[in-house]
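Q: Input: one structure, supplied below.
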Amino acid sequence: MDARRFLVVEDDDAFARSLVRLLAPWGNTTRVATVSDAMAALAPHPDRTALFVDVQLPDGSGLDVLDRFRRAYPSVPALVITGHSESSVINRARDLGADYVVKPFESERFRRFLFAKVFDTVEALTKSIPPGSGRSSDAINERPHSSEVAREQESPRGGPSRPPKTR
């Protein structure tokens, strides 16, 4: 596997830890909580794989981080994850070539972005999160869908169980 390098810019500690845990099986993740730390983190790694950024940060806007990121990495996927849904913010994020999700959101949206944009494969959407990475729904602080719970339960042989048959 190629060494992937993710940058998570999020000031909510619990949410940031969840994202880092979700991304851990697929590469190295740097997590910062401020615009100034994000700007510093961009410089030493010319091979970023993806950016995950909140909009409202303690010392400024995550969209400024996205703007600088986009200049350094014009084709690298970026996902704005925030609680703000103002059209001006959404439009600026899209103008900068980023996908956008508003908190709270379903884990499937994050997985869709990750597999389609970062890993560039639709087939991977049907595969589960790698063993030991934790439940994907925990990664974004939401309740799992019943179908996710069924997939993630372990069978007596140690593999994923099949959903119960309905009569």
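Q: Given the conditions (1) modelled with pLDDT under 95; (2) crowded, with 22+ Cβ neighbours inside 10 Å, report the number of the one that Phe52 does not fulfil.
A: Exception for Phe52: condition (1).
Q: Just give me the residues in the range 69-109 being under 18 Å from Met39 (Cα atoms) and basic (Lys, Arg), in sequence order.
A: Arg70, Arg71
Q: Could you figure out which of (1) aromatic (Phe, Trp, Tyr); (2) closer than 17 Å to Leu22 by Cβ; (3) modelled with pLDDT of 90 or more isn't true of Phe110?
A: With respect to (1) aromatic (Phe, Trp, Tyr); (2) closer than 17 Å to Leu22 by Cβ; (3) modelled with pLDDT of 90 or more, Phe110 is out only on (3).
Q: Need pairs with beta-carbon distance below 7 Å; first residue in contact (Cβ under 8 Å) with a residue 40 or more places away in the chain and within the range 37-60, second part of a loop (DSSP other than H, G, I, E, B) and polar (S, T, N, Q); sequence gap 6+ or separate chains.
A: Leu57/Thr34; Pro58/Thr34
Q: Here's another thing I want to ask about it. Taking the criterion of being touching a helix residue (DSSP H, G or I) at 6+ places or on another chain (Cβ under 8 Å), under 16 Å from Ala98 (Cα atoms) and either touching a residue at least 12 places away in the same chain (Cβ under 8 Å) or hydroxyl-bearing (Ser, Thr, Tyr) (or both), would at least one residue in the range 11-28 satisfy it?
A: no
Q: While we're here: Scan the range 63-78 and give yes if some residue there is surrounded by 18 or more Cβ atoms within 10 Å (Cβ to Cβ) and under 12 Å from the mean Cα position of the chain (by Cα), otherwise no.
A: Yes: the range 63-78 contains one or more residues that are surrounded by 18 or more Cβ atoms within 10 Å (Cβ to Cβ) and under 12 Å from the mean Cα position of the chain (by Cα).
Q: Suppose we filter Asp12, Asp2 for residues that are out of contact with any Ser or Thr (no Cβ under 7 Å at 6 or more places or on another chain), closer than 20 Å to Leu57 by Cβ and either at pLDDT below 95 or surrounded by fewer than 17 Cβ atoms within 10 Å (Cβ to Cβ) (or both); which single one remains? If you could, list the steps in order and put the result at the bottom.
A: On the way: Asp2 fails: closer than 20 Å to Leu57 by Cβ.
Going through Asp12, Asp2 in turn, just one is out of contact with any Ser or Thr (no Cβ under 7 Å at 6 or more places or on another chain), closer than 20 Å to Leu57 by Cβ and either at pLDDT below 95 or surrounded by fewer than 17 Cβ atoms within 10 Å (Cβ to Cβ) (or both): Asp12.
Q: Does Thr82 satisfy the criteria of being over 17 Å from Ser18 (Cβ atoms) and either under 17 Å from the mean Cα position of the chain (by Cα) or modelled with pLDDT under 90 (or both)?
A: no
Q: Separate question: Limited to the range 82-110, what total is found for residues that are under 22 Å from His45 (Cα atoms) and touching an Asp or Glu at 6+ places or on another chain (Cβ under 9 Å)?
A: 1
The values are calculated or read from the model by the stated rules, or taken from the named source; none is laboratory data. Nothing here was measured: the structure is a model prediction, and the numbers come from that model. In this analysis, Cβ positions are derived from the backbone assuming ideal geometry, glycine residues included, and neighbour counts consider all displayed protein chains.
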